[in-house]
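For reference, the structure is listed below as structure tokens.
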Amino acid sequence: MKQIVKPTTAIIDGLRSRKLRRTVRTLTSSRRRWVRSIILAGILVGPSHLALWAETPGHADGHSPHSVSTTYRSHEAVHLPIPNAISSGPYAHQVDRYRDRVLENELIAEADGNCWFKDSPALSSGSSIAGQISQLDPQVVWWDEDVTQPLGLAEQHTSVDASGLAQTALIASPYVRSLLTEPQISMTDIVIADAQFDPLTFLDANYTDTNDPVGSELTTGDQSERFRDNLFASSAGVRKKLTGGGNLEVVQRGGFQNNNSTFLTPNPQGTSRLELNFSQPLLRDHGKAVNRTRVILAKIDAQITNSEVREEIQTHLVDVTTAYWELYQARAEWLQRNRLLASAQEMQTVLQARGAVDSQQRQILRANVAVAKRRADLVRIETRIRNAQSKLRLLTGDRQFAQFAQYEMVPVERPLMQSIELSTRDATLTALDNRPDIVQSLQQMHAVSTRVGAARNQVLPRLDLLLSSYVSGLDSGTNTFGAIGRQFSEGGPTYSAGLIFERPWGNRANQARLRRNRWEWTRSYAEFQQTTEAAMTEVEIAVRETQTLFNELIAKQQSTMAAAREVDYLRQRWTHLPDPNENAILLIENLLDAQERLADEERSLVRSQVAHALSWVTLRKAMGVLLVCNVADVSPVPSNVSVFLPDETEPFGGMIESEELILPTPEEWNSP
């Protein structure tokens, strides 16, 4: 049978390396600086201080000529109800071997040194961007300024930004509010699990009036034909299950009895009995750990739920950010197509004005076709803008946006136009510390190992110790309280002790449960390995995509500039230096086609801008730092419920820590 490497061996050996220790100390400080730069980049792409406001874009007179701005409420002072990040638990050291691999991987370090592909043939003709900050030419992305101005699609407008929309979604979205109920629900499971150790008070009473025919003189001791008996019995006490597995009961019994039997002395009589009963498992169900298994599992489930909620919220914020940049992209394309339409209309006006001089009818018709086609494109893009606004209203869920349904949303946040150096190694190390799915898989291992320990305990035979003691009292008449007083003043206590032992033949059910839980632990460890490998790959791809997209921006800028030079050349030829030997229709066709190519290149450039902006959000989500917040725990036990939840002892996972992770044979599973 092939062996699986023991999880702890390579980790301990790797961390004991002196060279690696120095590397860790050096990289810890540098990684912190690098993470701060990543968050700074995130602020540039989408500020982490979440605020939403509205303002009138600047004009010479201070007012928009097309629309009236409206004030939108700010959420700056509202605390975001996001669950805190959870700890990795007792299996956090399982991640260390992946950290060692990242720190020792020379390929990643070399990739960091050439992260901007300075030798790329696609950029050989442009400016070098290796080792320096490069940025787009504002004259090429001319729409960047105009996008933040109202387009005149509505009489009124409200300004929005990605960070403000994200905060609004966190506060107002019904979907987010539904997610935030999950931690509250999971916290109630902890209380329910821990409530099994709460003391239980009980009280019962029973009165019986017996009137039976006498079938034996031994019933009454005389010649009575009917047996008449009045019996009252009651008990009150406290029971408590102890965390060590024992059960403690203190009960006071009392009552009275009178009948027509000569054997009852005294008759009537009052009775009382104070009992103290205790039972303690010595093998199966013995110990605090096994008896608090439900509490441990409930706490782990609550932590996993918190992590899942954070992950879902991050996904929702990515959707909100994506919708914002879709709005930005649609507005930019509207501006590009509007300029394209204006150039066609200018050509149409010139040709119509020269219709009586040298313009041909076919030239005018061709210009008319171009104007109609480009106007139709504007209609479709305008619909895209309105659809993007509707999507933002849905994702944010704010009722104020419903009031502003007819308003034009003006994005005031622009894409990042400069390059920032990235480190795949540091990004991967950050992801290993912050990824919620890695933490969830570690917590799953903790939960399964806890169940393995509990199943091990259940394989043991039952051996319980029973202890009991009581004092009793008796009084004449129906004076129960007198009997209770005499139980302490007369006589002495009675004691008893005993043992209970039982073991099923073969014990197959418990053995099968233990085998199943062990296989589940092996599966959870494999799932952790797969999750971690997938997370590292996702971060690597996200870093590479962020790097590549900026280089693509530079390449797109160059192609856009080339297309613009072609349009200028053809426009000058058509306007100033027409070739008498060249077909006039062909010249107009070439100019219109060049304008379309320029518009396509500009559209491709703005899409690359948006993709680059979204790549930063994707990278931060891949690293697990999209939600960097420090808020109070939003899943406390309700204030009106007093519950004491003590810290747990070493989990049962420690019982299988020392085992080799070997795929066992059926014979090997048979031993406890």
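As an exercise, use a Förster radius of 25 Å and the Cβ-Cβ distance of SER87 and ARG177 to find the FRET efficiency, rounded to the nearest 0.05.
0.45
Which order do peptides 520-531, 424-435 fall in by mean Cβ count within 10 Å, highest first? Don't skip to the answer; put the middle values down first.
On the way: 520-531: 17.0, 424-435: 23.1.
Ranking, from highest mean packing down: 424-435, 520-531.
Regarding region 413-505, what whole-number volume in Å³ per residue does the convex hull of its Cα atoms give?
362 Å³
If packing is taken as the mean number of other Cβ atoms within 10 Å per residue, what is the order of 211-221, 544-554, highest first?
Going from most to least packed, we get 544-554, 211-221.
Given the Cα atoms of region 322-393, and with Rh set as the inverse mean 1/r over their pairs in the Kirkwood sense, what is Rg to Rh to two decimals? Don't skip to the end; give the middle numbers.
Details: Rg = 16.3 Å, Rh = 13.5 Å.
With Rg and the Kirkwood Rh in hand, the quotient comes to 1.20.
Hey, could you get me the Stokes-Einstein D for region 280-327, Kirkwood radius over alpha-carbon pairs, 10 °C and 1.306 mPa s, rounded to whole µm² s⁻¹?
Value of D from the Cα-based Kirkwood radius: 114 µm²/s.
Using every Cα-Cα pair within region 443-558, state what percent have a distance larger than 25 Å.
Looking at region 443-558, the distances longer than 25 Å represent 66 percent of pairs.
How many nm is it between the label spots at GLN418 and LEU463, if each spot is 7 Å from the Cα in line with the beta carbon?
Computed distance between label sites GLN418 and LEU463 equals 7.4 nm.
How large is the convex hull of the C-alpha atoms of region 372-426 per residue, in Å³?
Convex hull volume per residue, Cα atoms: 171 Å³.
Just to be sure I understand: if I project the alpha-carbon convex hull of region 244-392 onto a plane and average over all orientations, what area do I get in nm²?
Answer in nm², one decimal: 22.1.
Any idea what the alpha-carbon Rg over 2.2 N^0.38 Å comes to for region 154-307?
Ratio of Cα Rg to 2.2 N^0.38 Å: 2.11.
Using alpha carbons only, what's the Rg to Rh ratio of region 319-459 with Rh from Kirkwood?
Radius of gyration over Kirkwood radius for region 319-459 works out to 1.35.
When a footprinting reagent is the concern and you count Cβ atoms within 10 Å, what order do SER261, SER423 take, fewest first?
In order of increasing Cβ crowding within 10 Å: SER261, SER423.
Just so you know, all these numbers are worked out from the coordinates, no wet-lab data involved. Computed from a predicted model, the values in this text were never measured in an experiment. Cβ: placed from backbone, ideal geometry, glycine included. Neighbour counts: every protein chain shown.
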